[in-house]
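First the structure, in the form of structure tokens, and then the observations on it.
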2 protein chains.
Amino acid sequence: MKYFEPVLLKTTGVFMLIMLTACASTQTAPDPLPSWSNGPAKQRIVDFVHSVTDNGGSDFVPASRRIATFDNDGTLWSEKPSYFQLLFILDRVKLMAADHPEWKTTQPFQAVLENDMAAVKAAGMHGLIELAMATHAGMTTEEFEIIVKQWLATARHPTTGQPYNSMVYQPMLELLNYLRANDFKVFIVSGGGLEFMRPWTEEVYGIPPDQVVGTSIETRYELRDGRPVLVRLPELHFVDDNVTKPVAINRFIGQRPILAGGNSDGDFEMLKWTTSGEGKRLGLIVHHTDAEREWAYDRESSEGRLVRGLDKADENGWLLIDMANDWKVIFP
Amino acid sequence: MKYFEPVLLKTTGVFMLIMLTACASTQTAPDPLPSWSNGPAKQRIVDFVHSVTDNGGSDFVPASRRIATFDNDGTLWSEKPSYFQLLFILDRVKLMAADHPEWKTTQPFQAVLENDMAAVKAAGMHGLIELAMATHAGMTTEEFEIIVKQWLATARHPTTGQPYNSMVYQPMLELLNYLRANDFKVFIVSGGGLEFMRPWTEEVYGIPPDQVVGTSIETRYELRDGRPVLVRLPELHFVDDNVTKPVAINRFIGQRPILAGGNSDGDFEMLKWTTSGEGKRLGLIVHHTDAEREWAYDRESSEGRLVRGLDKADENGWLLIDMANDWKVIFP
């Protein structure tokens, strides 16, 4: 029941009495999380948000301290059959191959060009970094931004045929909006490349570039024809994963989050760091349980491997989100 | 001239016609920069803000792209007789000396304990880093935050006797507020320590922790009695100065600013990077010209040395702010 009371407006010395008729309303607030099944998972999220935003309550957190951090791959968008950034790398290698005839006979490039994914995986982390550096470095930051945007506009997911940026989770988009509507500042804290994510996170998630934290390579300031550019160098600067996620949160955000969401053991320490703080906290794990609408995987997966998170969720009070049952829809 | 027009309010199907009496007002907008002398410097700032916020104009910049970056030492607060963080280090060494009897006979600690500033300076960058690491590392991030806050609450500036956080520039506080009122997102990009600044920038400047970029040391995630902590290690992670300021802006903010302010040659590349972007840009240099109310220094100073900035300001179109003439007051 909403009603208007007589209001006294004082403007530049003139009093005006405005009588507004009482006006009954039967509206109820719209569901902020319509793609979430009504059940304990959704209820726990809503209860958490209510409790930290209830100004008179004992769990109240001022808006400036309402920091929420989310992993990206497997938490906000899909990560199968491979991390999307790896698929970007493979596409780039094929596109760049014309300028690198030596790649036809040099591993791990040869494996990529021959679509031999077993050989790509066999090249291990060293091979992956070599592929990443060949495709992510050697250009200016502005050039790389254009490359990512063009790829995203044209590339299609190998099994769904959809643009990659449409394979984001509708329930999580609603959660991000719900948190922002409650004055949370929402960050991505991902093992993915900082500058691979930033060109599109604002449009897709509503998360601006400065609220994206990720893995980064070195860049160097130099003048070209008197104009400054930042050149991307083939050298890792920081890998944002497991124990370094809290390090990155501290360095980039400077506050401990009160809510964190992830889906893999790479998020374990972020969740631990978040939920070990004083006061009410919430840790979320997106559990991939829906082989029909998305993918089902956890302990044995090479992407989004989840072992410690499953074993320790209860003990830590983390909310396991069961995609198959807790989400009415997966993609927008 | 403000006036109210008849307004139609439609609420839940009920139309209510509210007639508001036209109400003449002779108010003009209050001056957003009252501590700035009316002159070309102030006018140029106001014109810039008007032009990038004029939605119909050719120089319009959407709010999400209105990034402003400011140096801290000598730009937002004073830096004489030494950088305030160095004075913090000296205070800390004296406080910690009881637990380090060996410092009485070990340089550069001995020099600090004997107030021999010439010997401290003679120890050079290597000595400074040694002092910094001894006082900034070896504790958790939370412990360090408390140390900084306690120092700031009790320490007094050696010549003015004022708390350090009151030696901030009132005209710059007004500028920060003015920019925020025009939907700018305002960042600090300083050579000062990231975690030395963050405990107080929100209260003093209205700049939250995640909008502070600076020099950082390594930290390590570890469990103590099952509780995660971040331990500060005696190892530099990133020095945020001159050519690395644009690198840090790109890494932390992910967008090129449209306005940057500094006071020393350590800000040269940040200004160059900012004002070389497309569209309307503004670069500001606070020139310390007021020996009476603050300090007067530039080319010969060990703090805030300004040579290239003075020589190249005109060529780059940067606004030199003459503290003595452009600012009616210095401190709040």
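From the set of residues in the range B:184-193 that are over 11 Å from the mean Cα position of the chain (by Cα) and farther than 14 Å from B:PHE88 by Cα, which is farthest from the other protein chains (Cβ to nearest Cβ)?
Result: B:PHE184.
When you go through B:PHE196, B:PHE187 one by one, which is the residue that is modelled with pLDDT of 95 or more, farther than 30 Å from A:ASN316 by Cα, aromatic (Phe, Trp, Tyr) and in a strand (DSSP E or B)?
Matching residue, one of B:PHE196, B:PHE187: B:PHE187.
Answer yes or no as to whether B:ARG180 is free of Cβ contacts under 8 Å to residues at least 40 places away in the same chain, in a helix (DSSP H, G or I) and open to solvent by 30 Å² or more (accessible area, probe 1.4 Å).
In short, yes.
Starting from residues that are at the interface with another protein chain (Cβ under 7 Å from one of its Cβ atoms) and in contact (Cβ under 8 Å) with a residue 40 or more places away in the chain, keep the ones in the range B:195-231 and report whichever is farthest from B:THR244 (Cα to Cα).
Top of the filtered list is B:LEU230.
I'd like to verify a number: residues in the range A:199-214 that are part of a loop (DSSP other than H, G, I, E, B) and hydrophobic (A, V, I, L, M, F, W, C), how many?
Of the residues in the range A:199-214, 1 are part of a loop (DSSP other than H, G, I, E, B) and hydrophobic (A, V, I, L, M, F, W, C).
Taking helices (runs of 4 or more DSSP H) that do not extend beyond the range A:98-141, which have at least 1 residues that are under 24 Å from A:VAL229 (Cα atoms) and in contact with a strand residue (DSSP E or B) (Cβ under 7 Å, 6 or more places away or on another chain)?
Fully inside the range A:98-141 and qualifying: A:124-136.
Would you mention how many residues in the range B:248-295 are touching an Asp or Glu at 6+ places or on another chain (Cβ under 6 Å), aliphatic (A, V, I, L, M) and away from chain A (no Cβ under 11 Å)?
0
Could you tell me which of the residues A:GLY206, A:GLY277, A:GLY254, A:GLY283 is among the small types (Gly, Ala, Ser), touching a helix residue (DSSP H, G or I) at 6+ places or on another chain (Cβ under 6 Å) and more than 21 Å from B:GLU218 (Cβ to Cβ)?
A:GLY283
What pairs come out if I take residues in the range A:143-163 that are open to solvent by less than 90 Å² (accessible area, probe 1.4 Å) and pair them with residues that are part of a loop (DSSP other than H, G, I, E, B) and among the hydrophobic types (A, V, I, L, M, F, W, C) whose C-beta lies under 7 Å away, six or more apart or interchain?
Going by the 7 Å Cβ cut-off, the qualifying pairs are A:HIS157/A:MET167; A:THR160/A:MET167.
The values are calculated or read from the model by the stated rules, or taken from the named source; none is laboratory data. Because the structure is a prediction, the values reported are computed rather than measured. For neighbour counting, all protein chains shown are included, and Cβ atoms are generated from backbone atoms with ideal geometry for every residue, glycine included. The area values use the complete protein model at the heavy-atom level, side chains included, leaving out ligands, DNA and RNA. Shrake-Rupley method; radii C 1.70, N 1.55, O 1.52, S 1.80 Å.
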